[in-house]
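The values are calculated or read from the model by the stated rules, or taken from the named source; none is laboratory data. Quantities reported herein were computed from a predicted structural model and do not represent experimental measurements. Counting neighbours? That spans all protein chains shown, and the Cβs are built from the backbone with ideal geometry, glycine included.
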């Protein structure tokens, strides 16, 4: 089991203590479900909470209601903190954060650069390279495949054109 970041709290939502969360996981419906345990990292400690309710705001943002946070004044202290979950990943599965520092290869398997950061804007995920180039993380369009074990991302020909 691994502890993985599944979201980032960007604001509160309403007066009843809901948290506005930007999703950082590929498995939103599985992770953000009533009754699931989540962990909020405060400094170096993890605070455990149980999900009471989730309202989708869009593909990458939810209003998250937690059982023990029921007032905006309590919720305010959680803004800009990350949400984690202890998860078991199946072979070949990964989180967007796992892509950081992976080597990006062209369609001829020649290394080009590394992933410096993963950025989510609206409903699009971008890989940001060491050279500050943005590659949309869209499988079969820009990304041919991801090899988690060898920490490699293979681009399509169109993906190569984006970073050249």
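Yes/no per residue for (1) surrounded by fewer than 13 Cβ atoms within 10 Å (Cβ to Cβ); (2) under 30 Å from residue 131 (Cβ atoms); (3) free of Cβ contacts under 8 Å to residues at least 12 places away in the same chain:
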| position | (1), (2), (3) |
| --- | --- |
| 5 | no, yes, no |
| 17 | no, no, no |
| 90 | yes, no, yes |
| 100 | no, yes, no |
| 105 | no, yes, no |
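Flag: residue 80 matches the condition of being surrounded by fewer than 16 Cβ atoms within 10 Å (Cβ to Cβ), part of a loop (DSSP other than H, G, I, E, B) and modelled with pLDDT of 95 or more. If you check 44, 56 for being under 22 Å from residue 98 (Cβ atoms) and more than 15 Å from the chain's Cα centre (by Cα), only one passes: 44. Looking only at segment 109-164, residues that are closer than 14 Å to residue 98 by Cα, in contact (Cβ under 8 Å) with a residue 24 or more places away in the chain and assigned to a loop (DSSP other than H, G, I, E, B) come to 3 in all. Comparison of 116, 52, 60 shows that the only residue that is in the same structural domain as residue 16 (by TED's automatic domain parsing) and at pLDDT 90 or above is 52.
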